[in-house]
Amino acid sequence: MIQLKSAREIDIMAHGGQILGATVAMLRREVRAGMSTWELDEMAETFIRSHPGATPSFKGLYGFPGSVCVSINDEIVHGIPSRRRVLDAGDIISIDVGVKYDGYHTDSATTVAVGAVPDESQRLLDVTERALAAGIQAALPNNHVGDIGAAIQAVVEASGFSIVRDLVGHGIGVAFHEEPQVPNYGKPKRGTKLVPGLTIAIEPMVNVGGPGTRTMPDRWTVVTVDGSRSAHFEHTVAITDGGPRVLTTA
Ligand code: MG
Ligand code: MG
């Protein structure tokens, strides 16, 4: 069942989303070669908890051990922070974070270049970020979930990269994952109709090579089957009469 939010609930989510946006901006600034992914996790948890009423959504969600997911190079999503996992120059790292504030979740992700990266990797980041922007622009009342997917798909397919289909965006609010699913592909005017009060996480995951995915033996980390690099950008967005309201900006 889809849980529509009142204006008051959306304002609460926007407050939590500001904390999340600031967390993501802080982590983007802190990423550097030589640091472990565990350090990023610790920074995120400390920063989120420094805001009264805010906690990291991911900690314990479905049993996940960290406050952030950190996924490097061919890892698509759900990488587990680790003291043994150290960033190298030339890596790309996706950081996915959630904040629970006053009973409501928000969800955001970004992908960062560690030092100088190959041109193809930089293009992957640019395309994925542009695909997210296109998806957000399509999140209009009276459009459908398929319009968001179609807008994302158009940007990604024009680039020659591929969209991950095994993982999708989602409704979000009191529960971290709510209905509807929000695929990063689709056809205009298909799927759930977008109405004011709907709050969704839009999150394109884009691979340099093929779309295939595989889950590692740790049962969390999802990687590309062909070993190609993958990027992930995400915002939580409210559908409003005035258009899409991005809730997870700093
Ligand atoms: Mg996320
Ligand atoms: Mg999400």
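In table form, for the structure just shown:
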| item | result |
| --- | --- |
| Subset of the range 87-125 [of a type in the set (A, V, I, L, M) and within 16 Å of ligand 2 (Cβ to nearest atom)] | Ile95, Val97, Val99, Ala109 |
| Residue ranges of strands (runs of 3 or more DSSP E) in the range 44-89 with at least 2 members in contact with a helix residue (DSSP H, G or I) (Cβ under 6 Å, 6 or more places away or on another chain) | 54-56, 68-72 |
| Leading residue by the ranking (modelled with the lowest pLDDT) among those in the range 1-36 that are part of a loop (DSSP other than H, G, I, E, B) and farther than 22 Å from Arg83 by Cβ | Met1 |
| Strands (runs of 3 or more DSSP E) fully within the range 143-250 counting 3 or more residues that are under 17 Å from Ser71 (Cα atoms) and either of a type in the set (Ser, Thr, Tyr) or within 16 Å of ligand 1 (Cβ to nearest atom) (or both) | 230-232 |
| Residue that is among the charged types (D, E, K, R), modelled with pLDDT of 95 or more and on the phi > 0 side of the Ramachandran plot, where the choices are Asp119, Asp102, Asp147 | Asp102 |
| Residue ID - farthest from ligand 2 (Cβ to nearest atom), chosen from residues in the range 170-213 that are among the charged types (D, E, K, R) and either within 16 Å of the chain's Cα centre (by Cα) or more than 18 Å from Ala151 (Cα to Cα) (or both) | Glu179 |
| Subset of the range 156-191 (residues that are crowded, with 23+ Cβ neighbours inside 10 Å and aliphatic (A, V, I, L, M)) | Val156, Val164, Ile172, Val182 |
| Matching residues in the range 113-133 - criterion: being of a type outside the set (A, V, I, L, M) and within 17 Å of Gly209 (Cβ to Cβ) | Pro118, Asp119, Glu120, Ser121, Gln122, Arg123, Thr128 |
| Count of residues meeting criterion [touching a Ser or Thr at 6+ places or on another chain (Cβ under 7 Å), under 13 Å from Val70 (Cα atoms) and surrounded by 20 or more Cβ atoms within 10 Å (Cβ to Cβ)] in the range 32-60 | 4 |
| Every pair of residues 6+ apart whose Cβ atoms lie under 6 Å, when the first sits in the range 104-120 and is under 19 Å from Ala238 (Cα atoms) while the second is more than 16 Å from ligand 1 (Cβ to nearest atom) and β-branched (Val, Ile, Thr) | Tyr104/Ile12 |
| Where a residue in the range 226-244 is within 16 Å of ligand 2 (Cβ to nearest atom) and its partner, wherever it lies, is in a loop (DSSP other than H, G, I, E, B) and of a type in the set (Lys, Arg), with Cβ under 9 Å and at least six apart | Ala238/Lys5 |
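The values are calculated or read from the model by the stated rules, or taken from the named source; none is laboratory data. Only a predicted model underlies this, so the values are computations on that prediction, with no experimental measurement involved. Glycine also receives a Cβ, built like all others from the backbone with ideal geometry; neighbour counts cover every protein chain displayed.
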